[in-house]
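One structure follows; several queries about it will come next.
None of the figures in this text is laboratory data; all of them are computed from the coordinates on show. Keep in mind it's a predicted model, so treat the numbers as computed, not measured. Here the Cβ is made from the backbone with ideal geometry for all residues, glycine too, and neighbour counts use every protein chain on show.
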Amino acid sequence: MSDTTALISRRQFCAGACQAASCATLVTLVSACAGDGSPTSPSGGSASDLSVLQGRFANARVQVTTAGTPLANVGGSARVESEAGLFLITRISDTAFTVVEGSCAHEGCPITGATATQYVCNCHGSRYSLNGQVQQGPARSNLRQYANTFADGVITITV
């Protein structure tokens, strides 16, 4: 036996084992959050952040002005924050919009991302069509749809 062999205490051994386990756990967490495209990966696609607009709430209605916003153009989407809640709006034609609930049906996280055809929840990766239909879980329920009208550059959402 060599003189360079040293004995370690049980405390030193346990501390080293805990450090090794912590490092292994950290590596697993980092790789899981790396956007590998798994069903629950928030970055499983090329979603971009939605613009945030402020809605004016009065008389059970939320009003949003479209001028100078992404909603000014067909295909534009935005997230609207108001006293009545969060809404996701997409302009589908010169005079028509889809308006759906802006909180994920899975755990209520605010939906902040979108692609050209889907809304994306960045908390757990749920994806919804622009009409609020679940496209990918973990969400199981569709987003609530809201009636709306458009006149003089203002969308009015009936809540």
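Along the Cα→Cβ direction, 7 angstrom out, place labels at Glu107 and Ala72. What is the inter-label distance in nm?
Result: 3.8 nm between the two label points.
Quick check: net charge around Val99, other residues with Cβ under 13 Å of its Cβ, Lys/Arg +1 and Asp/Glu -1?
+3
Also: Give, as a single signed number, the net charge of other residues whose beta carbon lies under 12 Å from the beta carbon of Arg56, with Lys and Arg counted +1 and Asp and Glu -1. Kindly include the intermediate steps, with their values, before the conclusion.
Numbers: positive: Arg61; negative: Glu81, Glu83.
Counting the neighbours of Arg56, the net charge comes to -1.
Once Rh for the range 48-158 is found with the Kirkwood sum over Cα pairs, what is the Stokes-Einstein diffusion coefficient at 25 °C and 0.890 mPa s, in µm²/s?
Numbers: Rh = 13.6 Å.
Approximately 180 µm²/s, per Stokes-Einstein.
Taking the Cα centre of the range 48-158 as the origin, how large is its charge dipole in debye, to the nearest 20, when only Lys and Arg (+1) and Asp and Glu (-1) carry charge on their Cβ atoms? Write out the running numbers ahead of the final one.
Details: 7 positive and 7 negative charges, 35 e Å.
Around 160 debye, computed over the range 48-158.
Listed highest first by mean packing, meaning other Cβ atoms within 10 Å per residue, what order do 152-158, 104-110 come in? Intermediate results must be reported in sequence, preceding the final value.
Values: 152-158: 15.3, 104-110: 16.9.
My ranking of the peptides, most packed first, is 104-110, 152-158.
Another question, if that's okay. I'd like the Karplus ³J(HN,Hα) series for the range 143-150: coefficients 6.51, -1.76, 1.60, θ = phi - 60°, whole numbers in Hz, and an x wherever there's a Gly or Pro.
7, 5, 9, 10, 5, 8, 10, 9
Excluding Leu86 itself, what net charge comes from residues whose Cβ is under 12 Å from its Cβ, given Lys and Arg +1 and Asp and Glu -1?
On the way: positive: Arg79, Arg144; negative: Glu81, Glu83, Glu101.
Value of the local net charge: -1.
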